1. Say we look at the range 96-116 and pick out the residues that are away from the ligand (no atom under 13 Å from the Cβ) and aliphatic (A, V, I, L, M); which of these is farthest from PHE58 (Cα to Cα)?
2. Quick one: which helices (runs of 4 or more DSSP H) lie wholly within the range 1-75 and hold at least 1 residues that are more than 15 Å from the chain's Cα centre (by Cα), modelled with pLDDT under 95 and not aromatic (Phe, Trp, Tyr)?
3. Checking THR87 against (1) within 15 Å of the chain's Cα centre (by Cα); (2) part of a loop (DSSP other than H, G, I, E, B), only one condition comes out false. Which one?
4. Scan the range 156-204 residue by residue and report those that are basic (Lys, Arg) and surrounded by fewer than 17 Cβ atoms within 10 Å (Cβ to Cβ).
5. From the set of residues in the range 42-70 that are closer than 20 Å to ASP96 by Cβ and touching a Phe, Trp or Tyr at 6+ places or on another chain (Cβ under 6 Å), which is farthest from the ligand (Cβ to nearest atom)?
6. Please work out if PHE32 is surrounded by 16 or more Cβ atoms within 10 Å (Cβ to Cβ) and within 14 Å of LEU137 (Cβ to Cβ).
7. When the residues of the range 5-18 are narrowed to those that are polar (S, T, N, Q) and more than 10 Å from the ligand (Cβ to nearest atom), which ends up surrounded by the most Cβ atoms within 10 Å (Cβ to Cβ)?
Amino acid sequence: MPKTLREVYNGFAATYEQNRGLFDMTEVLGHFYEALSIKKGKLLDLGCGAGEPFARFFADNGWQVTGVDFSEKMLTMAAKYVPEMKTVCKDMREVDFAPQSFDAITAVYSLFHVPRADHQSLFEKMHRWLNPKGCLLFTYATKEYTGSDEFDGYKEFLGEKLYYSHKTPKDLYKDLINAGFKILSADYRAIGGETFLWVTVRPD
Ligand SMILES: C[S@@+](CC[C@H](N)C(=O)[O-])C[C@H]1O[C@@H](n2cnc3c(N)ncnc32)[C@H](O)[C@@H]1O
């Protein structure tokens with residue numbers, strides 16, 4: 001029986017220091033920040049982990065940041081690296097916020113751990129939580145990472161088996177449009193030797 005994702009990430013927190021900076025996200029962070037019309041507001045980071053580099057970058061730029069993660073150990077790391085971040089220790093599918101609470105939402109290397117059957121409803125919630133002038137950025141797994149057009153299963157990462165799930169990019173775009181988003185960019189990026197689709201959308 002594989003460990004749950006929460007158990008795996010609680011374990012990763014112990015070795016987090018060794019793996020810090022494994023992924024250079026300077027370019028993707030800059031690209032997203034440029035896409036934002038609001039340059040100072042409220043950020044929601046879903047699956048925030050230790051809060052680096054996204055929540056840290058936004059906090060440094062004067063944003064109020066809220067992070068959601070179901071790993072209490074990762075949130076202990078976040079308290080060290082982004083002490084000003086408000087955190088919620090919950091599954092991202094179980095949280096709720098008032099409409100238009102955030103000017104930007106990020107889900108960096110986290111949404112692909114959520115079963116694809118739940119993606120559409122999560123996109124609908126994000127659309128509701130987002131300021132109409134705000135933007136959402138997320139990392140999506142595709143065939144380039146899992147080897148399959150659609151995937152629900154386990155892949156090895158840093159010596160552990162982790163659950164990943166994704167649809168085809170075409171079905172992902174349908175979900176986003178049905179949730180009320182306009183797609184601003186969708187780029188394959190190889191960061192730290194791993195290729196994922198980086199998607200930026202805004203309410204249409
Ligand atoms: C690869 S880490 C990425 C962390 C951070 N976003 C970053 O870029 O460094 C994935 C994070 O998502 C969290 N996570 C995965 N599935 C989640 C879920 N359903 N709800 C909340 N957090 C989740 C994990 O606990 C972990 O901290």
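1. Looking at the filtered set, the residue picked out is ALA98.
2. 5-14, 16-19, 26-35
3. Only one criterion is unmet by THR87, namely (2).
4. LYS161, LYS170, LYS174, LYS182, ARG189
5. Per the criteria, the residue is LYS42.
6. yes
7. THR15
Conditions (1) under 23 Å from THR76 (Cα atoms); (2) free of Cβ contacts under 8 Å to residues at least 24 places away in the same chain; (3) away from the ligand (no atom under 12 Å from the Cβ), marked per residue:
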site	(1), (2), (3)
GLU94	yes, yes, no
LEU136	no, no, yes
GLU160	yes, no, no
TYR163	yes, no, no
LEU172	no, no, yes
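The values are calculated or read from the model by the stated rules, or taken from the named source; none is laboratory data. Computed from a prediction, not measured in an experiment: that's the story for all the values here. Methodologically, a virtual Cβ is constructed for each residue, glycine included, from the backbone with ideal geometry; neighbour enumeration extends over all protein chains shown.
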